[in-house]
Structures are given as C-alpha cells and as structure tokens.
Amino acid sequence: MPLDASPTSQPPQAPAHSQQPDPRPGRPGAHEVRQRLEHARNSRLAQLQALSETGQSADDHLLSTQAGAIQRVLKEIDEAFARVDDGSYGSCLSCAKPVPAERLEILPYTRYCVPCQGRAAV
Ligand SMILES: [Zn+2]
C-alpha cells in the first residue's frame, strides 16, 4: 500500500504574465499617468458642464470666474499630456528635480515641486 500520494501533480508553473518593464521603478507608468490625467480632465469637464447648466440663475461674473479657473486647469492637463509624450512628465519645470509621486497622485497635472510651487504662488 502506497504511503505517499503518487507524484502525478505537476510542480506549479510560473504564471505567464506579460512582461511590462518599468523604466523608472517607483514612478507611475505613462499609462497610469494618462488615466489620472483623463480622470482629472473628465471631472473638470463635468464641472464646466454643471456650471453651464446653472448658468441662468447664478451670478454671471462668479460663473465666468469659476469657468476660467477650470479652463486654466484643463490647459494645464493638456500640457501634462504633452509632457507625458515627450518624456518630461514628473520633473519640476523650474528646478528640474523629480516631483514627488505623492504630489503627482494628488495633482497629476502639476508642473512644479512643492518648494517651486510655493515660490510661484501669488
Ligand atoms: Zn522645483
């Protein structure tokens, strides 16, 4: 009588993952960055849409101020997309140091690191 189960089961195969080499470990990949930027853009577009829908009753000046601010962010998002394409995304435009990943998670379209943003703030 066999004491052990016969070794018919195969040793576990390594799962066939598709290789996705990350050129900069610890940095978000371009695909993830694009998704974040898309999300940021969509939420701004939704805000603009909501503004235009309340346009009749609300204060025109306030509305155009808000719409202008949103459109400035949309422009920054477009510029961030361009920086993803040319490979400069994630570096501060002022000091050229890498912008911290946590900051890019909160503000995926930001152009400056925290110290430079602080200096640029009016
Ligand atoms: Zn900087």
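We did not get these values from a lab; they are worked out from the coordinates using the rules stated. Just so it is clear, the model here is predicted, and its values are computed rather than measured.
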- Query: Can you give the Kirkwood hydrodynamic radius for the range 30-120, in Å, rounded to one decimal and based on Cα pairs?
  - Reply: 14.2
- Amide proton proximity set for Ser91, modelled H, under 5 Å, gap of 5+: Val99
